[in-house]
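Report on the following structure.
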Amino acid sequence: MDYRCAHCGRDLATSKPARSLIARMDIDCPYCMGRLQVNVHRAETLIVLGSVAGCVALAALAYVRQSQVLLLAALGGGIAGAAAIYILERTWLRGWRRFRARAPIRGME
């Protein structure tokens with residue numbers, strides 16, 4: 001992933017977790033104070049949603065059937081989803097810009 005600022009071009013890889021507000025998915029660049037928005041790829045969203053849905057479905061089925069094997073499969077599905085996100089970021093999304101310039105809110109210009 002490319003963690004450079006969309007405004008000034010400086011690398012934000014070391015400060016990305018500490019500065020983000022997850023609820024709003026935006027940050028301020030510590031260098032130029034430009035407003036940035038987290039740029040999430042559709043593939044990331046699909047993998048996370050599929051992984052969570054699969055884990056919940058398997059866990060519910062494991063509860064109904066009282067099966068430890070299904071419970072372990074649900075746990076394995078969660079781990080596989082996390083691994084898939086990691087591999088996706090390191091291979092296919094290598095040049096994907098993590099941050100984009102935040103558009104001003106309508107009426108707040």
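The values are calculated or read from the model by the stated rules, or taken from the named source; none is laboratory data. Small disclaimer: the values here were computed from a predicted structure and weren't measured. Neighbour counts are summed over all protein chains in view; Cβ atoms, including those assigned to glycine, are modelled from backbone coordinates with ideal geometry. Quick note on the areas: whole protein, heavy atoms, side chains included, nothing else; ligands and nucleic acids left out. Shrake-Rupley method; radii C 1.70, N 1.55, O 1.52, S 1.80 Å.
To keep it simple, each residue is scored yes or no on (1) within 29 Å of His7 (Cα to Cα); (2) in a loop (DSSP other than H, G, I, E, B).
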residue	(1), (2)
Cys32	yes, yes
Leu46	yes, no
Gly54	no, no
Ala59	no, no
Val69	no, no
Ala73	no, no
Gly77	no, no
Ile85	yes, no
Leu93	yes, yes
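In this structure, is Ile79 in contact with an Asp or Glu (Cβ under 8 Å, 6 or more places away or on another chain), within 28 Å of Thr14 (Cβ to Cβ) and aliphatic (A, V, I, L, M)?
So Ile79 fails the test.
Here is a yes/no grid of residues against (1) surrounded by fewer than 16 Cβ atoms within 10 Å (Cβ to Cβ); (2) at pLDDT below 90; (3) under 18 Å from the mean Cα position of the chain (by Cα):
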position	(1), (2), (3)
Val52	yes, no, yes
Leu61	yes, no, no
Gln66	yes, no, no
Ala73	no, no, no
Gly78	no, no, yes
Arg102	no, yes, yes
Gly107	yes, yes, no
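Can you name every residue in region 11-47 that is at pLDDT 90 or above and open to solvent by 70 Å² or more (accessible area, probe 1.4 Å)?
Arg42, Leu46, listed by residue number.
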